[in-house]
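See structure below.
Taken together, the values in this text are just the output of simple stated rules run on the coordinates, not laboratory data. Predicted, not measured: the structure shown is a model, and the values here were computed from it. Neighbour counts are summed over all protein chains in view; Cβ atoms, including those assigned to glycine, are modelled from backbone coordinates with ideal geometry.
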Number of protein chains: 2
Amino acid sequence: MSRPRISNDDGPRAAGGGLIDRRALFEGALGAAVFAASAVAAEPLVVPDWSMAPGGPFIPYGQPSKFESRVTRVATPPANPATPGVGASRTPHHLLDGMITPNSLHFERAHGGIPDIDPERHRLAIHGLVKRPLVFTMEALARYPMTSRIAFIECGGNGGSLSQPVAQKVDAQAIRGLVSCAEWTGVPLSILLDEAGVDPAAAWVYAEGADSAGMSRSIPLKKAWDDTLVCLYQNGERIRPSNGYPVRLLVPGFEGNMNVKWLRRLKLVADPVITKDETSKYTILLDSGKTWNFVWPIEVNSFITRPSPGVGLKGPGLYEISGLAWSGAGRIRSVEVSADGGKSWAQAALQDPVLPKALTRFRLPWKWEGGPAVLQSRSTDEAGSVQPTRAAMIAERGLRGQFHVNCIQSWAIDEKGEAANVYA
Amino acid sequence: MSRPRISNDDGPRAAGGGLIDRRALFEGALGAAVFAASAVAAEPLVVPDWSMAPGGPFIPYGQPSKFESRVTRVATPPANPATPGVGASRTPHHLLDGMITPNSLHFERAHGGIPDIDPERHRLAIHGLVKRPLVFTMEALARYPMTSRIAFIECGGNGGSLSQPVAQKVDAQAIRGLVSCAEWTGVPLSILLDEAGVDPAAAWVYAEGADSAGMSRSIPLKKAWDDTLVCLYQNGERIRPSNGYPVRLLVPGFEGNMNVKWLRRLKLVADPVITKDETSKYTILLDSGKTWNFVWPIEVNSFITRPSPGVGLKGPGLYEISGLAWSGAGRIRSVEVSADGGKSWAQAALQDPVLPKALTRFRLPWKWEGGPAVLQSRSTDEAGSVQPTRAAMIAERGLRGQFHVNCIQSWAIDEKGEAANVYA
C-alpha cells in the first residue's frame, strides 16, 4: 500500500536556491531518504515517568503546556509608564502555524488601555440621521440573526518598522505581529440599520468605542451596508477584553482601527467626522508633506514565518518554508517564494480553505545546502495586485509613511542557519 | 442607501410553528418593526466609569472577561476520586457561536489522566512492519512539511445519554458536549510512512499514547495513507495538554479515541491488535448481545444550540435558531429545522465555509408566538445519509448501544420560553 517513488534524490526543483515542487513531495517523488537525517533511527524508546502514574485532572478553562510559556504576545514598551495599556502587543507568528490565531494571542492595539466592561451595563446606540434611534442591551443584540466569517484584522501600522532607513534586528513578531485572523460572529450591521431606518441624507457611520480614548472612526455607509458585522464572538467564545468585549465592529479587509472595539455608538452622519483617530494617525505621510487620508483597504501582503529570526535551521537538509498572505481586496490568488533574493521564484502551495479577507497559509519545500540565502515571499490577490519591492514602495511614497506598509519582506539566512531581517 | 422593504409584517413563512425564510430576512422582506421589541429606543446613553479612566495593561497570554466565568467545560464526576483526570469534560456549545471551538473549551476525554509531557524528552516511534524503524524528536517532526485542516473530533460516546429510557433533564453541553472543531496542523502520516517504508504485509497501524492508560487503537492502513495527520498545532498554537500535547493523531471523521493523543508509537501490523480501548468500549452493543466492532466514521448528526436548556426565550418575538451539524462522511449537504416536533420542516442556512468533516453552523429565523413548541434539527450529508429519529435508531440497534448515537435531538419550549430535553 505504499506509493510509487520516482527517485531517491531530492526531487524536481521549482526555482533557484533549492526550492522544490511541493507536488513532488506529496506524490512521493522525493524518495524516502531525504528526511531521514531528522529521524533518530537507532534510539531505543524509554518509558517516561508520565506514562507510569495517573495524569492530571480536567481543567474547566484550559491553558497551554507550561513548556510553551515563551509563546506570548509582546507589547511595545508604553510611551507613558502610567498607561501600560496604551500601545500595541503583537502575535508571535514565528511560533504558530495554520491560519487561525488563538484568542489569547490575537494582536492588541489600544489607545486608552483595555476597559473592563460589564456587559449588563454596556449599551450600543444607533442614532443620528435615522428614523428611529435605537439603544441595544447586549442581551437584545444576541437575539438577532448572526453570521460568522473567518477574517484577518490588521493594524494600519503593521510593518511600519520597514520604513526605517536601516533594517532593524527584529523578528517576524516585531515586524508583522499586528495582523491576526479569527472566526468572528455577529449581527450584520445592515439588519440594525434597516431597523433604525437610515435617512437618505446619511453617507457615513461614525463609530465610537467605550474605552477612555473614545477611539472613533468614520466608516463609509456603503461598507456598513455591505459586509460589516457587529460582533459578539471570536473563535467561538465571547470576544476577549483586549479585542473589544462585549461588542466590536468587524469591517472586513479595512485597516484595524476601523473595526472599532468596545463599540458604544454608531451615528449616521452626512460627512466624515475627521476624528483624531483618522487624522493624527492612520494616514500616509508623503515626502511632499501631503497625506493620503481614508486609505481603508489593507493592501496585498505576505511574509515567511518559518524560517525567520529566532526560528532558524539546524543543519543542511530539507525544510518547509511557510508563511502567511492576505489582502483586503479579497482572496489570495498566488504566493511565490524566492530563496535567492528575488532572482527566481517558485509557486508555493496555498492551504485550503483560501477565504476572502482572511489569512492564507502558504507552504513550499526547500533544500538548504548550508550557504547564505535570502528568502522572500510575494503574494498576488484576486484583484491582480502584487506586493511591491521595498524600493518600489519607497519610490512611490517615500520613507515617512509608516502605515499600510506591504512591501516584500526579506530574511537573510547565514551559514549557521540563522535568519535576520534585511533589505534586499 | 437603504434597501427596499416588502412589508412590515413578519415575512414569508418557511414551515409551521413560525419558522421564517432566512433569505427574506437579508433581503429586507421582514420589514423594520419585527426586532424593535428588543431595542430600548428611549433609554439615554450614560458615560460609564470605564470610559473615564485609562483601562488595563496588555497581557502576554490573554484570558476571557471575568464576566464570562460561567463559560467553562464541565467534567463528568470521576468514578474514582483518586483519578480526577479519568473521564470526560464537555464543550459548552449552548454558550458559543461559530464553527471553531476555542482551545480552552475543546472537549477532553482521558483514560489515565492528562500527562504533563516534556517535549524535549518525548519521542514518536514508527516501527513494526517497516523497512526502517524511525524515532522522531518533536524538533525533527516540526521540520517536516505540514498541512492544516479544520476538522471536528467527536467522542464515540457523545450523545450516549439519549439511550436512556427516559429523557434526562440536562442541557446541550451534557448531551452533545463531546464534539468540538479546530484547525489542526501537522505532518501527513503518509510522508512518515513513506520514509519508514511500509512492508507489503502491513494492513493496520497500531497507535499508542504516552498517557498512563497507554490508550491505543488499531487504524486501517488505508486511512493512515489517506488523510491522517500527525498534529502539532491546534487553532494556530501548539496542542493543549488535554488534547495531546506535544503530538496527536487527527484521523478525520473517525471516532474520537482513534485520534490518539500524546502519540508515542505507530506500529505497522498485519491484523488489528484488539486493544482494550476498542473492545471494552467504542463498540455498539445490540439487544442480541452481539456488538458492532470497528465502527469508525462518525454518522451524520446535528443539534440546536440556541435556544436550548439554559438558553431560553425572553418573551414572544423573533429569534434565531442556531446549531451545529457534522458528518464523518464529508460535507453537510443540508439541515432542516422543525418547530412542531417533526411535522413540518424548513431549510436552514448553512454558514460558509462548509468544510468536509468539520462542524457546520446552521441558522434560521423563528417567530415564537409564546406557546409550546418542539424544536428539532435534521441534517443530511453529501453521502445522502440523513439523521434518524430516536425511534428508528432504537428499532435498528436497541437501547444498549451508547456509542455513535446520532438521532434527532428534540428541545421542548414551554410557555415561559424555557427549553428542555425531550423524546419526541
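According to the Cα-based calculation, Rg over Rh for the stretch A:376-424 is 1.05, with Rh computed by the Kirkwood formula. Once divided by 2.2 N^0.38 Å, the Cα radius of gyration of chain A becomes 1.08. Please label the shape of the stretch A:339-424 as rounded, prolate or oblate, based on the square roots a ≥ b ≥ c of the eigenvalues of the alpha-carbon gyration tensor (a/c under 1.5 means rounded; beyond that, a/b larger than b/c means prolate, else oblate). It comes out oblate by the Cα gyration axes.
A simple charge model with +1 on the Cβ of Lys and Arg, -1 on the Cβ of Asp and Glu and nothing else charged puts the dipole of the protein assembly as shown at about 40 debye relative to its Cα centre. From a point 7 Å beyond the Cα of A:THR291 in the direction of its Cβ, which residues of the stretch A:254-271 have a backbone N at a distance under 11 Å? Under 11 Å, as judged by backbone N against the label point of A:THR291, lies no residue of the stretch A:254-271.
Summing Lys, Arg as +1 and Asp, Glu as -1, what charge do residues with Cβ under 15 Å from the Cβ of A:ALA210 carry, A:ALA210 excluded?
On the way: positive: A:ARG121, A:ARG123, A:ARG217, A:ARG248, A:LYS261, A:ARG264, A:ARG265, A:LYS267; negative: A:ASP116, A:ASP118, A:GLU120, A:GLU208, A:ASP211, A:ASP277, B:ASP49.
Local charge sum for A:ALA210: +1.
Each of B:VAL230, A:VAL260, A:VAL295 was scored by other Cβ atoms within 10 Å of its Cβ. Listed from fewest to most, they are A:VAL295, B:VAL230, A:VAL260.
Chain A holds its axis-closest Cβ, relative to the rotation onto B, at the residue and whole-Å distance A:PRO353, 2. Each other copy places its own label point for A:ALA82 at 5.9 nm from this one, sorted shortest first, where the point lies 7 Å along the Cα-to-beta carbon line.
Taken over the alpha carbons of the stretch A:245-338 as equal point scatterers, the Debye sum produces base-10 log I(q)/I(0) values at 0.19, 0.21, 0.23 Å⁻¹ of -1.05, -1.14, -1.22.
Count neighbours as other Cβ atoms within 10 Å of each site's Cβ, and list the trypsin sites (Lys or Arg not before Pro) in the stretch A:276-370 that are DSSP loop with at most 16 such neighbours. Qualifying residues, ordered by number: A:LYS281, A:LYS290, A:LYS314, A:LYS343. Remark: A:MET99, B:MET215 ranked as B:MET215, A:MET99, counting other beta-carbon atoms within 10 Å and listing the fewest first. The loop-placed trypsin sites (Lys or Arg not before Pro) in the stretch B:146-232, going by DSSP, that have at most 12 neighbouring Cβ atoms within 10 Å of their Cβ come out as B:LYS169.
What shape does the protein assembly as shown have by the C-alpha gyration tensor, where a ≥ b ≥ c are the square roots of the eigenvalues, rounded means a/c under 1.5, and otherwise prolate means a/b greater than b/c and oblate the rest? Provide the component values of the computation, followed by the final result.
Values: a/c = 1.85, a/b = 1.06, b/c = 1.74.
Oblate, because a/c is 1.5 or more while a/b does not exceed b/c.
Given the options A:ASN103, A:ASN301, A:ASN257, which has the most mean-square fluctuation in a GNM of chain A, springs set between C-alpha atoms less than 10 angstrom apart? Highest fluctuation among the options: A:ASN103.
If you place +1 on the Cβ of every Lys and Arg and -1 on the Cβ of every Asp and Glu, how big does the dipole about the Cα centre of the stretch A:149-307 come out, in debye to the nearest 20? Can you show the working numbers first?
Details: 17 positive and 17 negative charges, 82 e Å.
That gives a dipole near 400 debye.
According to the square roots a ≥ b ≥ c of the eigenvalues of the Cα gyration tensor, what is the shape class of the stretch A:111-199, taking rounded for a/c under 1.5, prolate for a/b larger than b/c otherwise, and oblate for the remainder? Working shown, then result.
On the way: a/c = 2.47, a/b = 2.41, b/c = 1.03.
Prolate, because a/c is 1.5 or more and a/b exceeds b/c.
Which lysines, on any chain, are close to A:LYS222 with Cα under 28 Å apart, when same-chain ones fewer than 8 places away are left out? The qualifying lysines are A:LYS131, A:LYS261, A:LYS267, A:LYS276, A:LYS281, A:LYS290, A:LYS357. This ranking places B:ILE284, A:ILE100, A:ILE219 by how few other beta-carbon atoms lie within 10 Å of each, fewest first, which gives B:ILE284, A:ILE219, A:ILE100.
For B:LYS281, the distances from its label point to the matching points in the remaining copies are 5.1 nm, ordered from shortest, with each point set 7 Å beyond Cα toward Cβ.
Considering all C-alpha pairs of the stretch A:49-179, those separated by over 26 Å amount to 49%.
To one decimal place, what Kirkwood hydrodynamic radius in Å is obtained for the stretch B:149-199 from all pairs of distinct Cα atoms? Please list the in-between numbers first.
Numbers: mean 1/r = 0.0711 Å⁻¹.
Computed over Cα pairs of the stretch B:149-199, the Kirkwood hydrodynamic radius comes out at 14.1 Å.
With the label put 7 angstrom out from Cα along the Cα-to-Cβ vector, B:GLU396 ends up 5.8 nm from the copy partners, going from closest to farthest.
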